[in-house]
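Everything on this sheet refers to the single structure shown next.
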Amino acid sequence: MASAVAHRYARALVDIVMSSGSPLKPEDAVKQLRDVDALVQESPELRTALLTPAIQNSRKRAVMAKLLERTGASPLIRNFIYVVIDHRRIGVIGEIREAFELQLDERLGFVRAEVSSAAPLNEPLSAGLEAELSKLTGKRMRLRFDVDPELLGGVVARIGSTVYDGSIRGELRQLARKMAAQAVE
């Protein structure tokens with residue numbers, strides 16, 4: 001869960017990226033922000049240097065400028081990262097990225113769903129599931145897939161607090177309820 005600070009930075013970036021004059025497409029902004037997050041998270045030395053108050057912000061910016069140049073980050077993302085560094089918020093870049101993606105999805109009209117299956121789903125199955133969930137909810141979906149070895153088969157989809165259980169275990173539970181209800185009658 002992202003902090004209030006992360007949400008404020010994310011909202012500011014979403015406002016800029018979604019503005020009519022933005023030179024950056026939303027999907028490119030997501031990719032570039034993910035790249036920055038990965039840079040910071042994967043290098044303990046870089047992370048420590050960026051978090052150390054003893055190192056001047058100008059030096060931190062210079063290091064990040066070289067790294068961001070290599071990744072092909074746009075000037076907009078580079079400037080955003082400089083602001084984050086200047087305000088000593090680089091430690092929450094992962095939260096900012098997460099909040100940014102969430103807020104961007106909301107503005108673009110997407111709903112997120114977590115889908116668990118017993119085995120990885122191939123492209124036709126995942127596309128079909130996305131289409132069915134879109135039809136069911138009446139909204140565009142952004143699915144995140146996960147393999148759950150506890151499932152015997154089928155899928156379980158979570159959209160917010162609603163769970164759609166299409167797993168074999170779920171089907172067996174439903175069958176047991178029906179049989180118990182018939183036994184009572």
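Remarks
- Of the residues making up region 128-136, one or more are among the small types (Gly, Ala, Ser) and either over 21 Å from residue 102 (Cα atoms) or within 19 Å of the chain's Cα centre (by Cα) (or both).
- Any pair with Cβ under 9 angstrom, 6 or more apart, that starts in region 1-29 at a residue that is over 15 Å from residue 90 (Cα atoms) and open to solvent by 80 Å² or more (accessible area, probe 1.4 Å) and ends at one that is of a type outside the set (A, V, I, L, M, F, W, C) and part of a helix (DSSP H, G or I): 1/95; 1/98; 11/103; 23/75
- Residue within region 84-94 that is under 18 Å from the mean Cα position of the chain (by Cα), under 29 Å from residue 160 (Cβ atoms) and among the basic types (Lys, Arg) present: no
- Taking each residue of region 120-131 that is within 15 Å of residue 144 (Cβ to Cβ) and looking for partners that are of a type in the set (A, V, I, L, M) and surrounded by fewer than 16 Cβ atoms within 10 Å (Cβ to Cβ) with beta-carbon atoms closer than 6 Å, six or more apart or interchain, yields 120/147.
- Number of positions in region 68-88 that are of a type outside the set (Asp, Glu), open to solvent by 40 Å² or more (accessible area, probe 1.4 Å) and either more than 17 Å from residue 45 (Cα to Cα) or at pLDDT 95 or above (or both): 8
- Of all positions in region 45-63, none carries a residue that is polar (S, T, N, Q), under 23 Å from residue 19 (Cβ atoms) and not in a helix (DSSP H, G or I).
- All conditions in (1) over 25 Å from residue 17 (Cβ atoms); (2) open to solvent by less than 70 Å² (accessible area, probe 1.4 Å) hold for residue 120, with the sole exception of (2).
- Within region 129-178, tally of residues that are in contact with a Phe, Trp or Tyr (Cβ under 7 Å, 6 or more places away or on another chain) and either among the polar types (S, T, N, Q) or open to solvent by 50 Å² or more (accessible area, probe 1.4 Å) (or both): 2
The values are calculated or read from the model by the stated rules, or taken from the named source; none is laboratory data. Computed from a prediction, not measured in an experiment: that's the story for all the values here. When we count neighbours, we look across all protein chains shown, and the Cβ atoms used for this are built from the backbone with ideal geometry, even at glycine. Protein only, heavy atoms only, side chains kept; ligands, DNA and RNA dropped before computing areas. Shrake-Rupley method; radii C 1.70, N 1.55, O 1.52, S 1.80 Å.
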